[in-house]
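Enquirer: Quick one: structure below, then a few questions.
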Amino acid sequence: MSFTILGSLASSTIPLPLFACRVPAGFPSPAADHFEKHISLDELFDIRAPHIYLVKIEGDSMNGAGLFTGDLVIVDRGREARHGDIVIAALNGEPVCKRLHHKGRELILQSENAAYPARYILESDEMTIWGVVRYSVRDHAYA
Amino acid sequence: MRTPEPTFALVDCNSFYASCERVFRPDLAKTPIVVLSNNDGCVIARSYDAKPFVKMGAPYFQIKDTLSQHGIKAFSSNYALYGQMSERVMTLIESMVAGSEVYSIDEIFCDLTGQPGDLTTFGRSIRERVMMATSIPVGVGIAHTKTLAKLANHTAKRLLQHTGGVVDICDPFKRDWVLRNMAVSEVWGVGGRLTAHLQAMGIQSAMDLAKADPVMLRAKFSVVLERTARELAGVSCLALDDPDSPKQEICCSRMFGTRLTKLAPIKEAVATYTARAAEKLRAQGSLCKKMRISIKTGMFNPDEAKYANGVLIELPYPTHDTLLMTNAATYAVERIFRDGYRYSKAEVLLLDLRQPGEYTDDLFALTQPKRCEQLMNTLDSINARWGRGTLRAATVPIAPDWGMRREFMSQSYTTRMDQLWKVSAH
């Protein structure tokens, strides 16, 4: 699996220092010129914004998309849901997490697990999109 | 260029508490909701669809049957949720306007002076943004004075179907229409008794008040009513308040969930309220020199002995130290507690608030030690990070038996990691 190192981000309330530098008395630190800001997951996920919410996932129907029971997802209510987005939707009053598909004029809530059929939205259904899933967080601690 | 006329918007949330309860409960979108006061005492908020069946302030035990008969769902008040949703709504609106004043948990005045473009369209965009980000419906009233903006907002709500929740009465013709069609009792700051007096003088509508002689109003009633009348006539007398002016007193008082007869749990309660009050004190950057602690029994039950007592404490120096204040408060409770009563309420009031360094009594007067400030900073940041009450004085219990009755409380969806909204992917 490949990964990319994130660049520096602005600081926020919970700073994770990129590198600590203690300034010895008398000598200016050679690192001082290269001092960077703090990385903040708050800011990366924009968690303090009024349109961002944290939600917990239960169930295995989205395993194929990498969402497992107990995962934390960061949900954005500030954007329009588009074809292909993973969404939190209220289907006839019941909240569900699915992938949204437009097929012609039809709307489909798709699971990402062969065990679950796609759910076509019928005229008699009432569906509202609650928000769009942007990121997910999982605890990888072994047992 | 001539300066633009002052223009205000009042944005308020529709049935705010009930709307908050619906945010994470899409299944209740069409279920009428009421929210109960502390201790599940009486109704303090109703959704629109519950209004025809339940009166404001109705005691819960009296309306239980009505609720189940009409399928109305009751909630205990979940102030953590309401406060957090309010913050979201206010943050959004503040980001859209030049100036604002949060007037209450669900109302905010905005300064729209000089705002270009059509104001109704702008009002609609506020409504849409808030709805999208929070799913909380708001109404917007726009006018040249705060009092008129409040009336416009009222009209927007009353004629929701017709107005789409936004009413702009900057235009004098529209303003006059609203004034003529609004009873004087609906005007901001005109209460029941005042209404009776005004009606006796032939002032029935808001328009009548706007046209009344201001000098007479001041002489007969008050300068406040005079100002209200001038504002109705379109002359702006009230500006947006300085939102940062710190409070002069801080109060934390609550009813106990059950009557208390022993000293120990009352001390716990007072310690808890003191901690909360001290937190508020530090949040506004003040120190306090005096505290008043009081306890009392229920005052309405004729079969119960009544007792109320309070004591004023002079602190050794202006302070915001939870530990020092808790010590003083619990000592005070010991002094005023009397055996044989059934206590229902305790109150902690912080008085004589000052800014640090504002003034010292004299050269040799004691001041708060520096290390105490550091300790309180640490305490606040730990509690901000891990949740209120993580670090606390040993007198403050985690789950008190005297805590409030909240049988129908919804989750802390937005403030507790362990109570987040769970969405099924089945």
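Enquirer: Going by the structure shown, is residue B:105 in contact with a strand residue (DSSP E or B) (Cβ under 9 Å, 6 or more places away or on another chain), within 14 Å of another protein chain (Cβ to nearest Cβ) and not polar (S, T, N, Q)?
Expert: Working: in contact with a strand residue (DSSP E or B) (Cβ under 9 Å, 6 or more places away or on another chain): yes; within 14 Å of another protein chain (Cβ to nearest Cβ): no; not polar (S, T, N, Q): yes.
Here the answer is no, as residue B:105 does not meet what is asked.
Condition check ((1) under 28 Å from residue A:47 (Cβ atoms); (2) acidic (Asp, Glu); (3) not in a strand (DSSP E or B)) across all residues:
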{"residue": "A:69", "(1), (2), (3)": "yes, no, yes"}
{"residue": "A:79", "(1), (2), (3)": "yes, no, yes"}
{"residue": "A:82", "(1), (2), (3)": "yes, no, yes"}
{"residue": "A:109", "(1), (2), (3)": "yes, no, no"}
{"residue": "A:116", "(1), (2), (3)": "no, no, yes"}
{"residue": "A:128", "(1), (2), (3)": "yes, no, no"}
{"residue": "A:134", "(1), (2), (3)": "yes, no, no"}
{"residue": "A:142", "(1), (2), (3)": "yes, no, yes"}
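Enquirer: Something else about it: Does region A:75-86 hold any residues that are over 20 Å from residue B:136 (Cβ atoms), more than 10 Å from chain B (Cβ to nearest Cβ) and surrounded by 12 or more Cβ atoms within 10 Å (Cβ to Cβ), and which are they?
Expert: A:85
Enquirer: A further question follows. Looking at region B:73-102 only, could you name the residues that are among the aromatic types (Phe, Trp, Tyr) and either within 14 Å of chain A (Cβ to nearest Cβ) or assigned to a helix (DSSP H, G or I) (or both)? Steps first, answer last, please.
Expert: Keep residues of region B:73-102 that are among the aromatic types (Phe, Trp, Tyr), which gives B:75, B:79, B:82.
Scanning region B:73-102 gives B:79, B:82.
Enquirer: Would you mention how many residues in region A:87-103 are of a type outside the set (D, E, K, R), within 9 Å of chain B (Cβ to nearest Cβ) and closer than 17 Å to residue A:68 by Cα?
Expert: The total comes to 4.
Enquirer: With respect to residue A:132, determine if the residue is at the interface with chain B (Cβ under 9 Å from one of its Cβ atoms), surrounded by 15 or more Cβ atoms within 10 Å (Cβ to Cβ) and within 24 Å of residue B:134 (Cβ to Cβ).
Expert: Values: at the interface with chain B (Cβ under 9 Å from one of its Cβ atoms): no; surrounded by 15 or more Cβ atoms within 10 Å (Cβ to Cβ): yes; within 24 Å of residue B:134 (Cβ to Cβ): yes.
Criteria not met by residue A:132.
Enquirer: Filter region B:236-264 down to the residues that are within 19 Å of residue B:38 (Cα to Cα) and more than 23 Å from the chain's Cα centre (by Cα), then identify the one that is modelled with the highest pLDDT.
Expert: First, the residues of region B:236-264 that are within 19 Å of residue B:38 (Cα to Cα): B:251-260.
If we keep only those that are more than 23 Å from the chain's Cα centre (by Cα) as well, we get B:258-260.
Working: B:258: 82, B:259: 86, B:260: 90.
Restricting to residues being within 19 Å of residue B:38 (Cα to Cα) and more than 23 Å from the chain's Cα centre (by Cα), the top hit is B:260.
Enquirer: I'd like the residue in region B:19-72 that is outside any loop (DSSP other than H, G, I, E, B) and among the hydroxyl-bearing types (Ser, Thr, Tyr) and, out of all such residues, is farthest from the other protein chains (Cβ to nearest Cβ).
Expert: Taking region B:19-72 as the starting set, the residues that turn out to be outside any loop (DSSP other than H, G, I, E, B) are B:19-23, B:26-28, B:33-36, B:38-40, B:42-46, B:48-50, B:59-69.
This time we only want the ones that are among the hydroxyl-bearing types (Ser, Thr, Tyr), so: B:19, B:48, B:60, B:66, B:68.
Numbers: B:19: 14, B:48: 18, B:60: 26, B:66: 24, B:68: 20 Å.
So the residue we want is B:60.
Enquirer: For region B:115-164, which helices (runs of 4 or more DSSP H) that fit wholly inside it have 3 or more residues that are surrounded by fewer than 21 Cβ atoms within 10 Å (Cβ to Cβ) and touching a residue at least 24 places away in the same chain (Cβ under 8 Å)?
Expert: Details: elements: B:119-134, B:146-158, B:160-163.
The helices (runs of 4 or more DSSP H) meeting that bar are B:119-134.
Enquirer: Looking only at region B:370-387, count every residue that is without any contact (Cβ under 8 Å) to a residue 60 or more places away in the chain and in contact with a helix residue (DSSP H, G or I) (Cβ under 9 Å, 6 or more places away or on another chain) and tell me the total. Please lay out each step first, then the result.
Expert: Residues of region B:370-387 that are without any contact (Cβ under 8 Å) to a residue 60 or more places away in the chain, as a first pass: B:370-375, B:377-379, B:381-382, B:384-387.
From what's left, in contact with a helix residue (DSSP H, G or I) (Cβ under 9 Å, 6 or more places away or on another chain): B:372, B:375, B:377, B:379, B:387.
The qualifying residues number 5.
Enquirer: Please pick out the residue among B:105, B:142, B:93 that is among the β-branched types (Val, Ile, Thr) and at pLDDT below 90. Spell out the reasoning first.
Expert: Details: B:142 fails: at pLDDT below 90; B:93 fails: at pLDDT below 90.
B:105 is the lone residue from the list that is among the β-branched types (Val, Ile, Thr) and at pLDDT below 90.
Enquirer: Considering only region B:265-289, how many residues are basic (Lys, Arg) and surrounded by 24 or more Cβ atoms within 10 Å (Cβ to Cβ)? Quick ask: steps written out before the conclusion?
Expert: Filtering region B:265-289 down to residues basic (Lys, Arg) leaves B:267, B:276, B:280, B:282, B:289.
Right, trim to surrounded by 24 or more Cβ atoms within 10 Å (Cβ to Cβ) and you get none.
Number satisfying all stated conditions: 0.
The values are calculated or read from the model by the stated rules, or taken from the named source; none is laboratory data. Note that the coordinates shown come from a computational prediction; the quantities given were computed from them, not determined experimentally. Quick reminder, even Gly has a Cβ in these numbers, built from the backbone with ideal geometry, and neighbours come from all protein chains shown.
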